[in-house]
Amino acid sequence: MPKENSGVIAFRPLYGSRRALDLADRIEEGAAGLAAFAEQLTDEEWKTPISATDHRPVGVVVHHVAAVYPVEIELVRAIASGKAVTDVTWEVVAGLNAEHARENEAVSKAEALALLRRNSRMAAGAVRNLTDEELDRSARFSLSYGAPVTAQFVIEDHPLRHSWHHLAKIREALGK
């Protein structure tokens, strides 16, 4: 986006900082690992519940990871701009996860993997455009109990970690 400065137009670089590039690469690495593992699953494994307490099938969880990237990026953008996020609580997240599971109980592997690839690329692209200043900016974040956290922390704790977290849970559920 151009910025005008004394008659000179300066363009923001297409990509952000070295840190932003690294964070984006790690988002893509996690999503690729989840996708590669999920591609090899049988239909029975795709329908296996994650645990005794989380009854969502593996396929629904893969789709869940894919579906929330846009929401996670909006949270990152809010914090990166210095805006507090106060209305997203773990109770709200649990409700959204339950609603997602109901609405996507029959999701196909092809649909979930396509969404995972598309949304993880989008998330990585958004992160790549962040500057060091934006990564370092902090604001109160309700998912961190109101603590003022940096945008980089939100990236690492949400869009980056999410695929790794659920892949570990899926592996545990399937004994793989």
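The values are calculated or read from the model by the stated rules, or taken from the named source; none is laboratory data. Please read all numbers here as calculations on a predicted model, not as lab measurements. Quick reminder, even Gly has a Cβ in these numbers, built from the backbone with ideal geometry, and neighbours come from all protein chains shown.
The single condition among (1) under 20 Å from Glu28 (Cα atoms); (2) in contact with a His (Cβ under 6 Å, 6 or more places away or on another chain) that Ala151 does not meet is (2). Criterion first (buried (at least 17 other Cβ atoms within 10 Å of the Cβ) and acidic (Asp, Glu)) does Glu111 satisfy it? The answer is no for Glu111.
What number of residues within segment 23-53 satisfy the criterion of being of a type in the set (D, E, K, R), surrounded by 13 or more Cβ atoms within 10 Å (Cβ to Cβ) and part of a helix (DSSP H, G or I)?
So the count comes out to 5.
Listed conditions (1) surrounded by 14 or more Cβ atoms within 10 Å (Cβ to Cβ); (2) touching a Phe, Trp or Tyr at 6+ places or on another chain (Cβ under 8 Å) are all met by Arg171, apart from (1). Within segment 90-146, the set of residues being among the hydroxyl-bearing types (Ser, Thr, Tyr), closer than 18 Å to Leu23 by Cβ and in contact (Cβ under 8 Å) with a residue 24 or more places away in the chain comprises Ser120, Thr131, Ser138.
Scoring Ala94 on the criteria (1) assigned to a helix (DSSP H, G or I); (2) more than 21 Å from Met122 (Cβ to Cβ); (3) out of contact with any Leu (no Cβ under 8 Å at 6 or more places or on another chain); (4) at pLDDT 95 or above leaves a single failure, condition (4).
A quick yes/no check of all residues on (1) among the polar types (S, T, N, Q); (2) modelled with pLDDT under 95; (3) out of contact with any Leu (no Cβ under 6 Å at 6 or more places or on another chain); (4) under 30 Å from Thr131 (Cβ atoms):
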site	(1), (2), (3), (4)
Ala35	no, no, no, yes
Ser51	yes, yes, yes, no
Ala66	no, no, no, yes
Ile73	no, no, yes, yes
Ile79	no, no, yes, yes
Gly82	no, no, yes, yes
